[in-house]
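The block underneath contains the structure these notes are about, expressed in structure tokens.
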Amino acid sequence: MRRLRVKLGAELMTVGVLTISLLGSLPARAQSARDSSSHYCRDAVYVELAGAGGLYSFNFDYRITREAGFRVGFTSWSDFTGLPVTANYLLNWHAHHLEIGIGVIIGLATLGGQSFVSGGQSTPQAIGTGTLGYRYQPDDGGFVFRIDYTPLLEPRLLYSWGGVSLGYAF
């Protein structure tokens with residue numbers, strides 16, 4: 001079990017380093033945290049209750065364009081530790097958005113002595129996930145609210161799930 005946790009730790013560290021490298025390679029922005037040509041806040045941080053992180057997750061969301069972006073999160077509770085990583089697309093109506101996304105949760109899951117994912121083994125797993133929901137995020141930043149359907153897909157099972165998020169865009 002200890003070797004599995006060490007192996008998972010190494011894999012999570014690799015994902016973290018790759019994420020930081022990707023963020024570091026993005027174009028620099030003015031101190032206002034806005035792209036001067038399109039006037040919208042690119043970054044958001046939020047806490048998601050339920051959703052892709054299970055019970056909760058802490059998330060960073062980056063807008064590549066006003067519509068397209070991605071989020072990377074972290075969750076650790078009971079016997080589950082994971083990184084929800086999703087690509088998302090926003091259909092815009094001023095501060096109100098329809099959010100659509102697809103992604104994966106990379107982690108280790110053993111609940112009540114039984115694995116949450118296939119075969120009852122406590123090994124690193126990738127669980128598919130999606131997002132379909134409402135997002136409130138004004139272009140000039142500030143309060144962020146999300147409520148969404150986030151199904152979890154394991155090779156032979158689909159878990160219906162949802163989440164609520166509160167955060168801040170800057």
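Regarding residue 84, is this residue over 28 Å from residue 168 (Cβ atoms) and either touching a Lys or Arg at 6+ places or on another chain (Cβ under 8 Å) or modelled with pLDDT of 95 or more (or both)?
So residue 84 does not fit the description; no.
Taking the condition at pLDDT 95 or above, at negative phi, under 12 Å from the mean Cα position of the chain (by Cα) and of a type in the set (A, V, I, L, M), does residue 164 pass?
no
Which of the residues spanning segment 142-170 are in contact (Cβ under 8 Å) with a residue 60 or more places away in the chain and acidic (Asp, Glu)?
The one that is in contact (Cβ under 8 Å) with a residue 60 or more places away in the chain and acidic (Asp, Glu): 148.
Conditions: (1) modelled with pLDDT under 95; (2) not aromatic (Phe, Trp, Tyr); (3) not in a loop (DSSP other than H, G, I, E, B). Residue 140 meets all but one. Number of the miss?
Every listed condition holds for residue 140 apart from (3).
The values are calculated or read from the model by the stated rules, or taken from the named source; none is laboratory data. Just so you know, these numbers come straight off a predicted model, no measurement behind them. Every residue, glycine as well, gets a Cβ built from its backbone with ideal geometry; the counts of neighbours run over all protein chains shown.
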